[in-house]
Amino acid sequence: MVKSVGAAGLERIEIKRLTERIGRLFSVLQEAAAAQIPVTAGAWSPPVDVCETTKAICVRIELPGVSAAQIKVGLDNDKLRVSGEKKKHNSRQRIVSHLCSERSYGHFDRVVPLRWPIRVQDATAELSNGVLLVRLPRIKDRRGSEFKVPITEKDE
């Protein structure tokens, strides 16, 4: 025997489904905000490689056609932010229509989370052949090392 659900019951079921959908959408938006995915029209996100050596963290960011003057690099203890704008060059010839356009133009912004202890003041950045190389020197990890703590004796 199938139990009939009244109008109020259907409304509750629809509200529950809507609440679940909104929860999933909110989770996706939080992940996008954490990853710093550009949400403005015309924005793009350059590809990034993060490599680790014994002495530094190296971040390579592909920025073809962008000059060093168009790039801003910001750094704090837990993230590296690279942003700027790649301007579209106006052709001297009048273009009737694009048959194919795959290159990205406009504002770009990329945030790389850093989970390694680094020396912020010793960081360097170099742009060569359209690739920005940011070198972040590591701080020697002291975990696992034993430190001697001096004990002073106090006379009472």
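Taking Arg110 as the residue in question, decide whether it is in contact with a Ser or Thr (Cβ under 7 Å, 6 or more places away or on another chain), surrounded by 11 or more Cβ atoms within 10 Å (Cβ to Cβ), modelled with pLDDT under 90 and not β-branched (Val, Ile, Thr). Here the answer is yes, as Arg110 does meet what is asked. Starting from segment 50-67, take each residue that is outside any loop (DSSP other than H, G, I, E, B) and list its partners that are among the small types (Gly, Ala, Ser), counting only C-beta distances under 7 angstrom and pairs at least six apart or across chains. Close Cβ pairs satisfying both conditions: Glu62/Gly130. On the given criteria, is Glu102 among the acidic types (Asp, Glu), closer than 16 Å to Gly130 by Cβ, modelled with pLDDT under 85 and exposed (fewer than 11 other Cβ atoms within 10 Å of the Cβ)? So Glu102 fits the description; yes. Summed over segment 54-74, residues that are at pLDDT below 90 and within 21 Å of Pro117 (Cα to Cα) total 1.
The values are calculated or read from the model by the stated rules, or taken from the named source; none is laboratory data. Just so you know, these numbers come straight off a predicted model, no measurement behind them. Ideal geometry is used to build each Cβ from the backbone, glycine not excepted, and the neighbour counts take in all protein chains shown.
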